[in-house]
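K.L.:
The structure is given below, and queries will be raised subsequently.
The values are calculated or read from the model by the stated rules, or taken from the named source; none is laboratory data. What you are looking at is a predicted structure, and each value in this text was computed from that prediction instead of being measured. Cβ placement follows ideal geometry from the backbone for every residue including glycine, while neighbour counts extend to all protein chains displayed. SASA here: full protein model, heavy atoms, side chains in, ligands and nucleic acids out. Shrake-Rupley method; radii C 1.70, N 1.55, O 1.52, S 1.80 Å.
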Amino acid sequence: RLLARLKVQPPPVNLASICEKLDIGLARSPLGSRAAVLMNSPQMNSVLIMVNSDHRLCRQRFSIAHELGHYMLNHSCMAFSGGDGFMQFPEEEREANIFAAELLMPERYLLHCWAVNKLNTYDVSQIFNVSRQAATIAINHLYFIHDELLNKHRRNYWIATYLMDINI
């Protein structure tokens, strides 16, 4: 819904644009063992996501999307981070990870990838600019919730259903 509300185009999702539309500052800086930090100051009416500039771009993207998840899901803490145990709450971390995966690899676009025979770890990681690990998890989840994709007898029906008018 967030993607539709902000009129986000097909992948890869432009996280800087999303942050801008939500009036969230975005900065990159070395953060040691931390992946990212969300700083929310209600008194100053400002929000900032600081992401570790030493990490690979696909890791930075997931970290930004993860922190957006904490913000959009109204999680209770003021700052979140990975790698050093700094303010971690397992349920909120899991929710933020799910949010990040769905933001970066929306289901409808993954289904389109399946329809055009590009639902594999390499293609998904390239198309959505995510790690191969994130792509593998998304693909496995997609097959779990859409078991019709495994039905070879109705493949053409499902291809027509999931094919979108986009070029991936």
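K.L.:
Leu103 passes all but one of (1) under 16 Å from the mean Cα position of the chain (by Cα); (2) surrounded by fewer than 20 Cβ atoms within 10 Å (Cβ to Cβ); which number fails?
P.N.:
The number of the failed condition is (2).
K.L.:
I need a count of the residues in region 30-71 that are open to solvent by 40 Å² or more (accessible area, probe 1.4 Å), hydroxyl-bearing (Ser, Thr, Tyr) and outside any loop (DSSP other than H, G, I, E, B).
P.N.:
Total meeting the criteria: 2.
K.L.:
Mind telling me which of the residues Ser33, Ser17, Ser63 ends up being at pLDDT 95 or above and on the phi < 0 side of the Ramachandran plot?
P.N.:
Ser63
Conditions (1) under 24 Å from Ile18 (Cα atoms); (2) in contact (Cβ under 8 Å) with a residue 24 or more places away in the chain; (3) among the β-branched types (Val, Ile, Thr), marked per residue:
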{"position": "Val51", "(1), (2), (3)": "yes, yes, yes"}
{"position": "Asp54", "(1), (2), (3)": "yes, yes, no"}
{"position": "Ser63", "(1), (2), (3)": "yes, yes, no"}
{"position": "Glu102", "(1), (2), (3)": "yes, no, no"}
{"position": "Pro106", "(1), (2), (3)": "yes, yes, no"}
{"position": "Asn120", "(1), (2), (3)": "no, no, no"}
{"position": "Val124", "(1), (2), (3)": "yes, no, yes"}
{"position": "Asn129", "(1), (2), (3)": "yes, yes, no"}
{"position": "Leu150", "(1), (2), (3)": "no, no, no"}
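K.L.:
Going through region 115-132 one residue at a time, which ones are aromatic (Phe, Trp, Tyr) and surrounded by fewer than 20 Cβ atoms within 10 Å (Cβ to Cβ)?
P.N.:
Tyr122
K.L.:
Please specify each residue of region 100-111 satisfying the condition of being at pLDDT 90 or above and in a helix (DSSP H, G or I).
P.N.:
Ala100, Ala101, Glu102, Leu103, Leu104, Glu107, Tyr109, Leu110, Leu111
K.L.:
Within region 90-99, can one find any residue that is among the basic types (Lys, Arg), open to solvent by 10 Å² or more (accessible area, probe 1.4 Å), closer than 15 Å to Pro12 by Cβ and at pLDDT 90 or above?
P.N.:
No.
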